[in-house]
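The values are calculated or read from the model by the stated rules, or taken from the named source; none is laboratory data. Just so it is clear, the structure is predicted and the values come from calculations on it, not from any experiment. Here the Cβ positions follow ideal geometry from the backbone for every residue, glycine too, while neighbour counts run over all protein chains shown. With ligands, DNA and RNA removed, areas are computed over all heavy atoms of the protein, side chains included. Shrake-Rupley method; radii C 1.70, N 1.55, O 1.52, S 1.80 Å.
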Amino acid sequence: MPVKGLFRALRSHQAPAMTREDFTRLPRHVALIMDGNGRWAKKHKLGVAMGHRRGVETLRNVIRHTDDLGIEALTVYAFSTENWKRSPEEVGALMQLILDFFASEIDELDEKGVRITILGDKSAMPIRQQEVLVEAETRTGDNQGLRLNIALNYGGRAELTRAAQLLAQKVQSGEMAPEDITEEALEKCLYTAGQPDVDLMIRTSGEMRLSNFLLWQCAYAEFLFPTVLWPDFSIADYDAALTAFGGRERRFGKRL
Ligand code: IPE
Ligand code: IPE
Ligand code: MG
């Protein structure tokens, strides 16, 4: 094992990962803005693609741990509607990583009963990626385990605009009346239809903004902004975030 890898392995084994019983309260739905790959690459004098590659390793570990803890849903921000503005080289590297991720992970995820949903407009993705994404959703569609939502070409505003269009079509066709447009009806038109609201939103790298992620679903989410860059986000960091969530007082507008 290269020295760097050895240090990494030792560090990740410093504290054993926590188990479900170690927590007093776990979120039902965790959302993650996996930020800081570019800065990580720069810090290590590597190309940005390497940062994203290491970011996928972190994601793999985080999915496993989320599944081990029995958390119901995990939503990760992998590519925003605004990320097309990056260089063609970087966008190309990210598109390649999508293929690599599914090629290496889909068997294990399916075996574990993970159900994959893609949030976002797949039709704007390259055709090969579209095929792989549809295949992953179809193959895992009946699974009953962890709901893994991967946001790709996703924007919260685009999602809400799409929901408005879907509702408008139903009104136009006579399927529903304008007064039938309730919060519940709108929720059914979101990519996350039927899933619980986000309880915990974590954004790594110290940035404190939503960047157009899950605008509706985060209405009452608790937010955490660890400064660690995404490729360095360890299971211990994740456990620390989940522990901090357990200590938050959630009032939902009530006086407790
Ligand atoms: C997040 O890392 C991953 C994607 C946006 C795909 P960044 O690439 O945004 O990393 P920074 O913010 O430049 O460090
Ligand atoms: C949000 O991060 C998108 C993803 C993590 C995929 P960005 O790095 O693109 O967001 P901004 O530009 O800093 O707001
Ligand atoms: Mg960023």
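Just a few scattered comments:
- Hey, K254 closer than 19 Å to L148 by Cα and open to solvent by 70 Å² or more (accessible area, probe 1.4 Å) or not: no
- When each of E90, E82 is tested for being among the acidic types (D, E), open to solvent by 30 Å² or more (accessible area, probe 1.4 Å) and at pLDDT 95 or above, the lone residue that passes is E82.
- Close Cβ contacts (under 8 Å, 6 or more residues apart or on different chains) running from residues in the range 140-153 that are farther than 17 Å from D67 by Cβ to residues that are acidic (D, E) and assigned to a loop (DSSP other than H, G, I, E, B) comprise N153/D121.
- Test set (1) hydrophobic (A, V, I, L, M, F, W, C); (2) assigned to a loop (DSSP other than H, G, I, E, B); (3) within 15 Å of the chain's Cα centre (by Cα) - A219 fails condition number: (3)
- Residue in the range 227-234 that is at pLDDT 95 or above, in contact with a strand residue (DSSP E or B) (Cβ under 7 Å, 6 or more places away or on another chain) and closer than 17 Å to I33 by Cα present: no
- Hey, A219 free of Cβ contacts under 8 Å to residues at least 24 places away in the same chain and open to solvent by less than 60 Å² (accessible area, probe 1.4 Å) or not: no
- Residue that is nearest to W230 (Cα to Cα) [pool: residues in the range 58-94 that are in contact with a Lys or Arg (Cβ under 9 Å, 6 or more places away or on another chain) and not aliphatic (A, V, I, L, M)]: Y77
- Scanning the range 166-183 for residues that are part of a helix (DSSP H, G or I) and more than 15 Å from W216 (Cβ to Cβ) turns up A168, Q169, K170, V171, Q172, P178, E179, D180.
- Listed conditions (1) crowded, with 16+ Cβ neighbours inside 10 Å; (2) in contact with a Pro (Cβ under 9 Å, 6 or more places away or on another chain) are all met by L214, apart from (2).
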